[in-house]
1. With just the Cα atoms defining each centre, how far is region 121-171 from region 237-258? Give it in Å.
2. In nanometres, what is the gap between the two model label sites at residue 147 and residue 164, each 7 Å from Cα along Cα-to-Cβ?
3. Could you pull the Cα extents of region 1-120 along its three principal axes, largest to smallest, in whole Å?
4. Considering the Cα positions of region 249-293, please state its Rg to one decimal place and its Dmax as a whole number of Å.
5. Nearest 0.05, what FRET efficiency do residue 225 and residue 123 give at R0 = 41 Å with Cβ-Cβ as r?
6. Would you mind computing, in nm to one decimal, how far apart the modelled labels at residue 245 and residue 58 are, each placed 7 Å from Cα along Cα→Cβ?
7. May I ask you to derive the FRET efficiency for residue 10 and residue 31 from their Cβ-Cβ distance with R0 = 22 Å, giving the value to the nearest 0.05?
8. Report the full-extension gain for the segment residue 194 to residue 300: residue separation times 0.36 nm, less the Cα-Cα distance, to one decimal in nm.
Ligand SMILES: C[S@@+](CC[C@H](N)C(=O)[O-])C[C@H]1O[C@@H](n2cnc3c(N)ncnc32)[C@H](O)[C@@H]1O
């Protein structure tokens with residue numbers, strides 16, 4: 001770890017402007033997520049209203065399909081890095097439901113409020129038991145204070161769909177640098193599908209809103225753009241076990257502006273429960289996610305070279 005240029009305060013390493021200047025957009029995004037997290041942290045992380053509830057089920061919410069279906073049970077990891085970790089929703093879920101443990105957890109997030117809340121919830125729920133938890137408040141697209149090839153597993157959820165494409169490329173490049181060869185990667189809700197018939201209305205309006213006014217607005221990617229950015233970042237070469245997969249399927253938007261689309265929800269549930277044919281998947285995939293195929297048994301370590 002190289003923390004020169006960081007200020008250590010309240011258990012968090014803050015990237016200082018002397019270390020690397022924050023752009024106006026980064027400062028705006030940070031302030032907006034801080035404000036949003038103070039208002040309703042569940043909404044800020046999952047887009048579902050928390051309505052003041054802070055129990056485990058509300059905090060974790062149902063948006064955990066990739067982790068539920070593809071993350072292995074009871075596995076130990078050396079070093080894990082989470083990008084855009086928020087209040088720690090994913091490690092909270094993995095520790096509680098999958099018996100996940102690691103020796104070192106690095107959490108990166110642009111919002112101080114999110115990271116302070118992660119510390120609080122870790123005490124409250126006891127997730128990541130026994131791990132050394134190191135938190136960095138910085139933009140994910142800036143250089144990480146970690147050595148080359150020093151991380152075993154990288155995880156992220158709902159970060160990359162909110163970043164500008166040039167920042168996605170920079171951040172994935174950093175992951176490509178710090179990940180060990182043969183390392184493992186899980187990126188959930190990262191690449192909203194630009195061909196999806198269920199979000200054409202959002203994709204059409206995408207250029208209109210300045211990022212600093214709506215930092216959480218969704219960016220869209222085609223599958224080939226995802227494959228390209230992963231190859232160029234060096235991640236594909238390091239993670240031979242990685243798969244780009246559809247997260248789920250939907251045919252129609254459930255709402256356009258304030259209007260509900262009749263039968264859309266039922267139709268989407270139906271199509272999501274099927275396995276649409278190959279030609280159709282391009283249009284009904286809601287977003288693409290990444291996961292590594294991991295061999296071994298519960299109790300085994302997830303470590304590069306073994307996946
Ligand atoms: C939608 S939330 C998801 C949080 C968490 N991964 C989860 O699934 O609950 C997006 C998170 O990314 C953080 N974030 C947004 N832009 C960022 C950036 N450029 N660099 C680092 N973190 C960022 C926000 O502060 C927020 O915590």
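Throughout, read-outs are computed from the coordinates displayed, never taken from laboratory work. In this text the structure is predicted, and so the values were computed from the model without any measurement. Reconstructed Cβ throughout: ideal geometry from the backbone, glycine too, with neighbour counts over all protein chains shown.
1. 21
2. The two pseudo-label positions are separated by 3.4 nm.
3. 42, 36, 22
4. In order Rg, Dmax, the Cα atoms of region 249-293 give 12.3, 41 Å.
5. 0.50
6. Spacing of the two 7 Å Cα→Cβ label points: 3.2 nm.
7. After rounding to 0.05, the efficiency reads 0.80.
8. Working it through step by step, the gained length comes to 34.3 nm.
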